[in-house]
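Worksheet: one structure, shown below.
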Amino acid sequence: MSEIILKATNVSKKYGKHKVLDKVSIKIKRGMIYGLIGENGAGKSTFMRTVMGLITIDEGDIELFEKTGMKGLQQARRKMGQSIETPALYPELTARDNLRVQAANGGVSEREIDDLLRLMSLEHTGKKKAKNFSLGMRQRLAIASTLITHPEFLILDEPTNGLDPSGIVEMREIIHRLVSERGITVLLSSHLLDELSQIATHYGILHDGKLIKELSREELANETRQYIELETKDVQKAVVVLDELGIGDYEVINGTGINIYERLNDVATINRSLVHANVTVSRIGTTRQKLEDYFLQLTGGNHHA
Amino acid sequence: MLNLLTAERIKLIRSKKLLIVLSILSILPIIQAVNSKMMVGYGTELIQAKDTVINGATGILMMEKNGLTVLLTMCAFIGFFIGEEFQNGTIRNALSLGRSRIHYYLSKLLMVSLLAFVGVVVLTALGMICFSIVLGFGEVSEINNYGWYALKTFMTLYLLILANVSIYVMISFITKNSAISLVWSFLYTIGTGFGAGIFLETEHFKHVTFWFTESFLFYSDFASPIDVAKYSDMILVSFITIVLSSIIGILVFKRADIK
């Protein structure tokens, strides 16, 4: 069984009367890329901060690398890196000096600085100060800064926030590379489910401070997969036809519709068979539930996902 | 702790703020020495009790002469040095690595104390040199053992400054914002520097005036044997201020949520 890197149990946090985290329980195993999804204000950053020990929790327990207690967590956090919200950099310092500061904070050697600058394509920034970097460069430098201490667990809060499409692709590639080449476990957040679906292996959906759903990549794909949507008043007759056609993977929805999850290219054949069997077909066609719709369906709101 | 101090050193050495502070404290004695020379040239007689520094020997009192300037310079520096860590979010980089908040607080306090020390050494040394060049080294009246007097005076003045530095550090960690920290530090400096004297007007509370280190700094004549005799009181008040402000600052910072 793979090692549990993070185990948060019933973590709650209140600001005044407002509960920003409400009994959130998350388990992250080594090698996972865990995506935390939620609209703005759902509690993603707050949860990440509690994990990093930046804010205190009112209730619950946090276990990191199977260690608990103040001392244990302090030791465990030395194996972690974070970039929460905006890239936390010293604007007056160069990329190299920013990394030197973080190396000193972590008590590690400066040997790897050149490699990291190369890895993040920042080797040519020279004496340019971080304040003059583009947002993409700042994001890359922030990640380089977290890597200098050789983390085994990386926490990235909205790493693609504000990046242009090419920057988003680049950031995605960097995260993939970190996981495949360095074996880092990642917890990252986004308010874009579509964006996270291209990176994460597991998902947790936060809404109003509550973790309302956890699912794996396979489960998400399953729940949002492409299917043939059939609308008919003769559901029972239609089911018989589908059985005759040898279709077994379908689902009856609300008594007037059937979602068929196989033979997606045989819409015409299925339609012809239904018509021959005197089934009145109101509508038939392939469709895919958009990730955004899936998210809205879960959160039950008009929030942007 | 040593790792944090190394990080602070890198930040400070590369920072323009350090250059600005040291420039102010370097230029000040030169301008004042030239100004005093011109005053003497125009026939004004320099009086130690009023002008504080009148020759190279009294140059040891540069911190007394420039008390308010040194304090305001340090309050601005500390406000930015600590406040920006919160505002840029860089404080997260150290704390999220499991670094102790007490160590983080103390490393900041230690760094600004060191900078204050370097700053006042530069100010005093340049003051003594410049005043010696333009007005001669001279002497401090009624002082026999100048070396011992100079050492005692310098350390006492530095401690009085350090007590305020410690208060500014506490304010910066409590407010977590450069601008707000600047405003409160300024109000504290002006309030305790010039407001504490109000207690002197009352019969029952006049002793309260000297619970504040700035009262000593602004209202004492460090060349007068009567005030030199109060050095022990000054050192005691400074130590109590440093310890109390550090305890309060650390306690508040330990409970603070870092955004």
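Every number in this text was worked out from the coordinates using simple rules, so none of it is lab data. Quick caveat, the model's predicted, so the values are computed rather than measured. Neighbour counts run over all protein chains shown; Cβ positions are idealised from the backbone, glycine included.
Work out, in µm²/s and without decimals, the Stokes-Einstein translational diffusion coefficient of the stretch A:147-305 at 20 °C, 1.002 mPa s, Rh from Kirkwood over C-alpha pairs.
Details: Rh = 18.5 Å.
Result for D is 116 µm²/s.
When the gyration tensor of the protein assembly as shown is built from Cα positions, what are the square roots of 5 times its three eigenvalues, in whole Å, from largest to smallest?
On the way: eigenvalues 920, 107, 71 Å².
Values for the protein assembly as shown, descending: 68, 23, 19 Å.
If the viscosity is 1.306 mPa s and the temperature 10 °C, what translational diffusion coefficient in µm²/s does Stokes-Einstein give for chain B when Rh comes from Kirkwood over Cα pairs?
Values: Rh = 19.3 Å.
D = 82 µm²/s.
Do the alpha carbons of any pairs in A:LYS128/B:LYS254; A:LYS71/B:LYS17; B:LYS50/B:LYS152 sit beyond 31 Å of each other, and which pairs?
Working: A:LYS128/B:LYS254 35 Å; A:LYS71/B:LYS17 35 Å; B:LYS50/B:LYS152 21 Å.
Cα-Cα > 31 Å for A:LYS128/B:LYS254; A:LYS71/B:LYS17; rest within.
Can you give me the Rg/Rh ratio for the stretch A:1-86, using Cα atoms for both radii and the Kirkwood formula for Rh?
Details: Rg = 12.7 Å, Rh = 13.4 Å.
Reported Rg/Rh, Kirkwood definition of Rh: 0.95.
If you take the alpha carbon radius of gyration of chain A and divide it by 2.2 N^0.38 Å, what ratio comes out, to two decimals?
Working: Rg = 23.8 Å, N = 305, 2.2 N^0.38 = 19.3 Å.
Against the compact-globule rule of thumb, the ratio is 1.23.
What aspartates and glutamates sit close enough to B:LYS16 to cross-link, taking a C-alpha to C-alpha distance under 13 Å and skipping anything fewer than 8 places away on the same chain?
Filter leaves A:GLU92.
Test of the criteria: in the stretch A:226-288, which trypsin sites (Lys or Arg not before Pro) are in a DSSP loop and have at most 16 other Cβ atoms within 10 angstrom of their Cβ? Walk me through the intermediate numbers first.
On the way: sites: A:LYS233, A:LYS237, A:ARG263, A:ARG272, A:ARG283, A:ARG288; in loops: A:LYS233, A:ARG263.
The qualifying sites are A:LYS233, A:ARG263.
Would you grab the residues whose amide H sits under 5 Å from the one on A:GLN82? Only those 5+ places off in sequence or on another chain, please, with H modelled 1.01 Å from N.
Placed amide hydrogens put A:ILE155 under 5 Å from A:GLN82.
Please identify every one of the GluC sites (Glu not before Pro) in the stretch A:7-73 that sits in a loop by DSSP and has no more than 16 other beta carbons within 10 Å of its own beta carbon.
A:GLU66
Starting from the eigenvalues of the Cα gyration tensor, five times each then square-rooted, give me the equivalent ellipsoid semi-axes of the stretch B:180-231, largest first, whole Å.
Values: eigenvalues 99, 47, 11 Å².
Ellipsoid half-lengths, sorted descending, are 22, 15, 7 Å.
Tell me, what is the Rg over Rh of the stretch A:142-191, with Rh the Kirkwood radius over Cα pairs? Don't skip to the end; give the middle numbers.
Details: Rg = 10.7 Å, Rh = 11.3 Å.
Across the stretch A:142-191, the Cα-based Rg/Rh ratio is 0.95.
So, in Å, what gap is there between the alpha-carbon centers of the stretch A:1-65 and the stretch A:247-267?
Comparing the Cα centres of the stretch A:1-65 and the stretch A:247-267, I get a distance of 38 Å.
Sorted by average packing, counted as other Cβ atoms within 10 angstrom per residue and highest first, what order do B:198-206, B:88-96, B:27-35 take?
B:88-96, B:27-35, B:198-206
Before rounding to the nearest 500, sum -39500 (n - 2.57) across all DSSP H runs of length at least 4 in chain B and divide by the residue total; then give [θ] at 222 nm in deg cm²/dmol. Could the numbers behind the result be given before it?
Numbers: 12 runs with 187 residues, N = 259.
Estimated from H runs of four or more residues: -24000 deg cm²/dmol.
Restrict the search to the stretch B:31-120; then list the GluC sites (Glu not before Pro) that DSSP places in a loop and that have at most 10 other Cβ atoms within 10 Å of their Cβ. Mind dumping the intermediate values first?
Working: sites: B:GLU45, B:GLU64, B:GLU84, B:GLU85; in loops: B:GLU45.
Of the GluC sites (Glu not before Pro), the ones in loops of the stretch B:31-120 whose Cβ has at most 10 other Cβ atoms within 10 Å are B:GLU45.
Would you please give the FRET efficiency between B:PHE194 and B:LEU236, computed as 1/(1 + (r/R0)^6) with r the Cβ-Cβ distance and R0 = 25 Å, to the nearest 0.05?
Computed FRET efficiency for B:PHE194 and B:LEU236 comes out at 0.65.
D for the stretch B:33-123, whole µm²/s, Stokes-Einstein with Kirkwood Rh over alpha-carbon pairs at 4 °C and 1.567 mPa s: what number? Don't skip to the end; give the middle numbers.
Working: Rh = 16.1 Å.
This corresponds to a translational diffusion coefficient of 81 µm²/s.
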